[in-house]
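Heads up: the structure comes next, in structure tokens.
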Amino acid sequence: MTRAEQPPVVSPTSDTLAADSRERAVRALLRVPPLRRLWSAQLVGGIGDALAVLVLVLLSLQAAVVEGSFGAGYRGAAFAVAAVFGARILSTVLFGAVLLGPLTSLVAPGGPLDRRWLMVGTDGLRLALLVVAPLWIDWVPDKALMMILITVFVTGAAERLWTVAKESAAPALLPAPPLEGAAVRPLPDHLDALRRLSLRTNFLAIPAAAVVLLVASLIGELLGTGFEWFSFHQAALGSYVAAGLFSASISALYFLEIPGTATPRPRSPLEGLRRPGSGSAPDKGRTGSIRLVVAACAAVAGAIAAAAGVVVLHAFDLGGGPAAFALLILVLTGGTALGMRTAEKVLPALSRRRLLALAIAVTGVALLALGLVADTATGVFLALLAGYAAGVAARVGHAILDQETEAPRQARTTEHLQAVVRVLVALGAVGGPLLAAAIGWHRLGSGDFVFAHGGAAFALMLIGALLLPVAVIVLARIDDRSGVPLRRDLRDALRGGDPAVAPAASGFFLAVEGGDGAGKSTQVEALAQWIRAKGHEVVVTREPGATPIGKRLRSILLDVSSAGLSNRAEALLYAADRAEHVDSVVRPALERGAVVISDRYIDSSVAYQGAGRDLSPTEIARISRWATSGLVPNLTVLLDVAPETARERFTEAPDRLESEPAEFHNRVRAGFLTLAAAAPFRYLVVDAGQEPEAITTVVRHRLDQLLPLSEAEIKAQEEARRAAEEEARRKAEEEAARKAEEERLERERQAQLAKLRAEEEERRRREEEEARQREAERQAEEARQRAEEARRRAEQERARVEAEERAREAEQERLRKQAAEEARLRKEAEELRLEKQRKAEAALVRAEEARRRAEAAAAAAAAETASRESAPSDSPGPSGSSASSAPDNELTVPTPVVNPNEITQPVPLARPQDRSAPDAEETTVLPAVRDADETTVLPPVRDENPADRVPPGVFRDERGSEGENERTRELPQVGENPRTDGGDQDRSDRRRRPRPDWAEETPLDDLPTLADELLGGQEDDDQDRRGRGGRGPRG
């Protein structure tokens, strides 16, 4: 009984956790309802996103033609298509790689953004954008292309946000692992299965979107016959269908519940771009082919992406429109998916490495012919062929990479391949339209032959032509059957007709394969000992030489003296030994249920005689399977080691095959790897360069999943089951007794609790009564305190009002007194002013009277003098002298000089006869200069040495010990003859202040000084003097 035949353990998650393969694990995930709902939303949203990209490509092409962007004509349309793919790639890189860290922290469990609502919001945003997208051409024809490119960028950013939220939420929906021993061990890697499911869904969404666009385009053309708007907007219906798909995704996500458990971080699309390495050096693989295989697969993917980027232009060149574009996208991408799915069935007898080169070449030829043929139907067939061949190349390349790397490093190698493929796909999608734009439309003619194609056709031809040297390089560098014509291998593979093969119905058949010196015998002994310890009957055998006839054949085959043995005879001798070995040793042991471990089997003949010699591997495999009646091992362990390393392990003289050159052993090694790549589920490839214990551990891990249970294991399992049942019964009885005791204790506890609850209720009632009383007393006290507070506030308010009233009355009284005092002062000032005015007027009247009397006296004296002169004189004198001398009655009175140190100086009145004027006729006394009328004194500068900043004498403190009256020297002085004609000029000169010795006349002298600004100018002083009744000298 094998583990697969054992009855499964009933568990809520047994369907998903009992999967024993990656395919079953992927399908098992869809049995989890939340994951199935999320996958449905991803599928529908992915189809809508791919459809949106295709529709926006068509809209950009239409907008470029209408608007004439990027230059009119064919080149402008090609540049518009390239701009759409470039904007989409830019948004993907920006939000999927550059800003992945911040976005991950935002959507993490407990972060500011809810993952479900973020997915719903991004779907709603894309829905709105796609509803509006076809209308930009009508709304803003001159800016339609720019708005479409913005739509492309925003939808790409929304798709990345949706993907980040989904990758963060999906692991939280995985079922919890079962209890220990409740499921088949080891458990499958659900995260790896989840990534595989997501990758397949995203890829299959593209051909599905092409199907939807094809149907929508056909319906749109039908509607265009009746509605002109649909005839002009041929891609509008596809845009609205994409919006409907996003609404369906929203409805699926709305009812999804996402747990808040921690999940692994989302992965960047470019993660794994760096080549994986072992230690400090990059991993080159078992045969050093990893770099070339990755480059070849990426080149094929980039070629298909470039072809998909230019088929929209090629479809319009063929006159097909949106329907032809959708059909070409469908056959390119759908053919690729079909090729990847059926690659294992394509020429299974042909070397996988040669099949990779052949598939690349077929892809290039198909794309080259697609550019040459100007027929839509033929073009669709060629596009399908190119897509299918590209899918086969991708699947075969992936299988070769798995054989080149160890199992622990296969995941990293796959990530590296996918990252490089994404980069080449992006470059191809943008580079294809740019290449078409650079080439443009060309028409070549020679007589009746006319070759007219657009840039898209030339780009397809160039892309296909570039793949042909790639295929040649791959075949030359990684060919595992060098020296054997490819034509013969291809003919043998096409012939087929291999007999049916199947493992034995009972027992377990294990074959250990590998080159000479790989350590097969060591592993066979270790595995046999380990399997016997598990209770199995183990039969260890080998080829050739496991039977008496086989020993004789072995001596012939391996003897150095048989060096002249032909290759066909060698293959037939091995087949004869194998037929005898299977009939007499292997089948009888398998029928008994034993485990047969064989050192070499059919694969050795195919590798040594097929790959190593120049014979056809297909013929060798057919002969060997006929000799064994189609018996194949349950598991073939391939110990892979470099021939140079294996040769160092030889401890005896080499036999005939071991003596072959290194090229022979390299071909043998490549033949083994080719067989393993053709059927990876039946092979376990182990690096034989490791320690023997590590190799044994790897093989044991695989055998744990495949080996049937031995009788001893079955008995031990039965005993363990009975012991578990007995233990379960005992535990059940103990549990029942424990529950009964717990129930009794529970009843007692409930009774005690009831008593305590009654006491607690009574206590609570008393406390509530006391609390009510305290509350009543508290409320009464609060009422009394509020009344007291209200009374106190009323008294304070009354006192405040009275104080304000008294303050207002006092203020009014003060204002009244102040007004009375001001009125009194104004009255006194007015009286004083009137008194001064009266006295000044009286003085002026007296002065005028004195002047008139003086004038009258002077006139009388003049008359008297004239009369005396007119009388005759006794003695003549000099008439000239008496005429020129002044008369006797005219006497000049000297005006005293006003001393500046004197405050006031009364000026005496000049009289011809009586020089002493009465008190009533004296001149008005000049008012004294008060201190208030002085020039403001500036404060001295108290600093170290201010003399270097201002001239000396500016500050009054520097003028020495002059008296206080020195400040009135500006008063006018009376000259000797005040009545001369120059009196006015003298008076104006005397009004000016004397200029100091140090001062220089500058344009600033006419400006008012600080003292003039503060105390008024000199003219103001003169006006003040005149206003106070002063009188200056008369002219």
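The values are calculated or read from the model by the stated rules, or taken from the named source; none is laboratory data. Nothing here was measured: the structure is a model prediction, and the numbers come from that model. Because the Cβ atoms are built from the backbone with ideal geometry, glycine has one as well, and the counts that use them run over all protein chains shown.
Which condition does Glu693 not pass, out of (1) touching a helix residue (DSSP H, G or I) at 6+ places or on another chain (Cβ under 9 Å); (2) modelled with pLDDT under 85; (3) under 27 Å from Gly288 (Cα atoms); (4) surrounded by fewer than 18 Cβ atoms within 10 Å (Cβ to Cβ), if it passes all the others?
Of everything listed in (1) touching a helix residue (DSSP H, G or I) at 6+ places or on another chain (Cβ under 9 Å); (2) modelled with pLDDT under 85; (3) under 27 Å from Gly288 (Cα atoms); (4) surrounded by fewer than 18 Cβ atoms within 10 Å (Cβ to Cβ), Glu693 misses just condition (2).
Can you tell me which residue is farthest from Gly519 (Cα to Cα) among those in the stretch 680-695 that are touching a residue at least 40 places away in the same chain (Cβ under 8 Å) and assigned to a loop (DSSP other than H, G, I, E, B)?
If we take residues in the stretch 680-695 being touching a residue at least 40 places away in the same chain (Cβ under 8 Å) and assigned to a loop (DSSP other than H, G, I, E, B), then Gly689 is farthest from Gly519 (Cα to Cα).
State yes or no: is Val98 among the β-branched types (Val, Ile, Thr), surrounded by 17 or more Cβ atoms within 10 Å (Cβ to Cβ), at pLDDT 90 or above and more than 22 Å from His233 (Cβ to Cβ)?
Working: among the β-branched types (Val, Ile, Thr): yes; surrounded by 17 or more Cβ atoms within 10 Å (Cβ to Cβ): no; at pLDDT 90 or above: yes; more than 22 Å from His233 (Cβ to Cβ): yes.
When the stated conditions are applied, Val98 does not pass them.
Quick check on my filter: what residues within the stretch 197-231 are closer than 25 Å to Gly124 by Cβ and part of a loop (DSSP other than H, G, I, E, B)?
None - no residue of the stretch 197-231 is closer than 25 Å to Gly124 by Cβ and part of a loop (DSSP other than H, G, I, E, B), so the list stays empty.
If you go through the stretch 517-529 one residue at a time, how many are more than 14 Å from Ile597 (Cβ to Cβ) and exposed (fewer than 15 other Cβ atoms within 10 Å of the Cβ)?
0
The rows are residues; the columns are (1) assigned by TED's automatic domain parsing to the domain that holds Ala78; (2) under 24 Å from Gly364 (Cβ atoms); (3) crowded, with 20+ Cβ neighbours inside 10 Å; (4) at pLDDT 95 or above.
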{"residue": "Thr413", "(1), (2), (3), (4)": "no, no, yes, no"}
{"residue": "Leu424", "(1), (2), (3), (4)": "no, yes, yes, yes"}
{"residue": "Val430", "(1), (2), (3), (4)": "no, yes, yes, yes"}
{"residue": "Pro433", "(1), (2), (3), (4)": "no, yes, yes, yes"}
{"residue": "Ala438", "(1), (2), (3), (4)": "no, yes, no, no"}
{"residue": "Gly445", "(1), (2), (3), (4)": "no, no, no, no"}
{"residue": "Ala452", "(1), (2), (3), (4)": "no, yes, no, no"}
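Across the stretch 199-236, what is the total count of residues that are among the acidic types (Asp, Glu) and surrounded by 15 or more Cβ atoms within 10 Å (Cβ to Cβ)?
The initial filter retains those residues of the stretch 199-236 that are among the acidic types (Asp, Glu), namely 221, 228.
Filter once more, keeping what is surrounded by 15 or more Cβ atoms within 10 Å (Cβ to Cβ): 221.
Matching residues across the stretch 199-236 total 1.
Just to be sure I understand, how many residues within the stretch 590-636 are aromatic (Phe, Trp, Tyr) and modelled with pLDDT of 90 or more? Working first, answer last.
Looking only at the stretch 590-636, we keep the residues that are aromatic (Phe, Trp, Tyr), and these are 601, 608, 626.
The next check asks that each one be modelled with pLDDT of 90 or more; those that pass are 601.
Looking only at that region, the number is 1.
Condition first: hydrophobic (A, V, I, L, M, F, W, C) and not in a helix (DSSP H, G or I). Can you find one or more residues in the stretch 130-139 that meet it? Walk me through how you get there before you give the answer.
Pass one, the stretch 130-139, residues hydrophobic (A, V, I, L, M, F, W, C): 130-133, 135-137, 139.
So of that shortlist, the ones also not in a helix (DSSP H, G or I) come out as none.
Looking for residues that are hydrophobic (A, V, I, L, M, F, W, C) and not in a helix (DSSP H, G or I), one finds none in the stretch 130-139, hence no.
Could you list all residues from the stretch 230-250 that are among the hydrophobic types (A, V, I, L, M, F, W, C) and in contact with an Asp or Glu (Cβ under 6 Å, 6 or more places away or on another chain)?
Taking the stretch 230-250 as the starting set, the residues that turn out to be among the hydrophobic types (A, V, I, L, M, F, W, C) are 230, 232, 235-237, 241-243, 245-246, 248, 250.
The answer is Phe246, Ile250.
Tell me, yes or no, whether the stretch 417-438 has at least one residue that is in contact (Cβ under 8 Å) with a residue 24 or more places away in the chain, over 28 Å from the mean Cα position of the chain (by Cα) and outside any helix (DSSP H, G or I).
No, because not a single residue in the stretch 417-438 is in contact (Cβ under 8 Å) with a residue 24 or more places away in the chain, over 28 Å from the mean Cα position of the chain (by Cα) and outside any helix (DSSP H, G or I).
Consider only pairs whose beta carbons are under 7 Å apart and that are at least six residues apart or on different chains; among these, list those whose first residue lies in the stretch 530-552 and is at positive phi and surrounded by 19 or more Cβ atoms within 10 Å (Cβ to Cβ) and whose second residue is outside any loop (DSSP other than H, G, I, E, B) and modelled with pLDDT under 90.
What qualifies is Gly545/Lys551; Gly545/Arg554.
Does Val346 meet the test of being surrounded by fewer than 23 Cβ atoms within 10 Å (Cβ to Cβ), of a type in the set (Val, Ile, Thr) and on the phi < 0 side of the Ramachandran plot?
On the way: surrounded by fewer than 23 Cβ atoms within 10 Å (Cβ to Cβ): yes; of a type in the set (Val, Ile, Thr): yes; on the phi < 0 side of the Ramachandran plot: yes.
So Val346 passes the test.
Here is a list: Val396, Val362, Val392. Which entry is surrounded by fewer than 20 Cβ atoms within 10 Å (Cβ to Cβ), hydrophobic (A, V, I, L, M, F, W, C) and in a helix (DSSP H, G or I)?
Working: Val396 fails: surrounded by fewer than 20 Cβ atoms within 10 Å (Cβ to Cβ); Val392 fails: surrounded by fewer than 20 Cβ atoms within 10 Å (Cβ to Cβ).
Only one candidate qualifies: Val362.
In the stretch 279-325, what residues are among the polar types (S, T, N, Q) and either more than 17 Å from Leu417 (Cβ to Cβ) or free of Cβ contacts under 8 Å to residues at least 12 places away in the same chain (or both)?
Residues of the stretch 279-325 that are among the polar types (S, T, N, Q), as a first pass: 280, 287, 289.
Result: Ser280, single match.
Among the residues in the stretch 513-528, are any under 53 Å from the mean Cα position of the chain (by Cα), outside the structural domain of Leu332 (by TED's automatic domain parsing), among the hydrophobic types (A, V, I, L, M, F, W, C) and not in a helix (DSSP H, G or I)?
Yes, the stretch 513-528 contains a residue that is under 53 Å from the mean Cα position of the chain (by Cα), outside the structural domain of Leu332 (by TED's automatic domain parsing), among the hydrophobic types (A, V, I, L, M, F, W, C) and not in a helix (DSSP H, G or I).
Hey, any hits in the stretch 565-587 for a residue that's out of contact with any helix residue (DSSP H, G or I) (no Cβ under 6 Å at 6 or more places or on another chain) and assigned to a loop (DSSP other than H, G, I, E, B)?
Yes, because at least one residue in the stretch 565-587 is out of contact with any helix residue (DSSP H, G or I) (no Cβ under 6 Å at 6 or more places or on another chain) and assigned to a loop (DSSP other than H, G, I, E, B).
Closer than 21 Å to Gly483 by Cα and surrounded by fewer than 20 Cβ atoms within 10 Å (Cβ to Cβ): does that describe Asp614? If you could, list the steps in order and put the result at the bottom.
Working: closer than 21 Å to Gly483 by Cα: yes; surrounded by fewer than 20 Cβ atoms within 10 Å (Cβ to Cβ): yes.
So Asp614 passes the test.
Quick one: count up the residues across the stretch 588-614 that are part of a helix (DSSP H, G or I) and under 23 Å from Ala502 (Cβ atoms).
Residues of the stretch 588-614 that are part of a helix (DSSP H, G or I), as a first pass: 588-591, 602-612.
Filter again for under 23 Å from Ala502 (Cβ atoms), leaving 588-591, 602-607, 610.
Residues in the stretch 588-614 being part of a helix (DSSP H, G or I) and under 23 Å from Ala502 (Cβ atoms): 11 in total.
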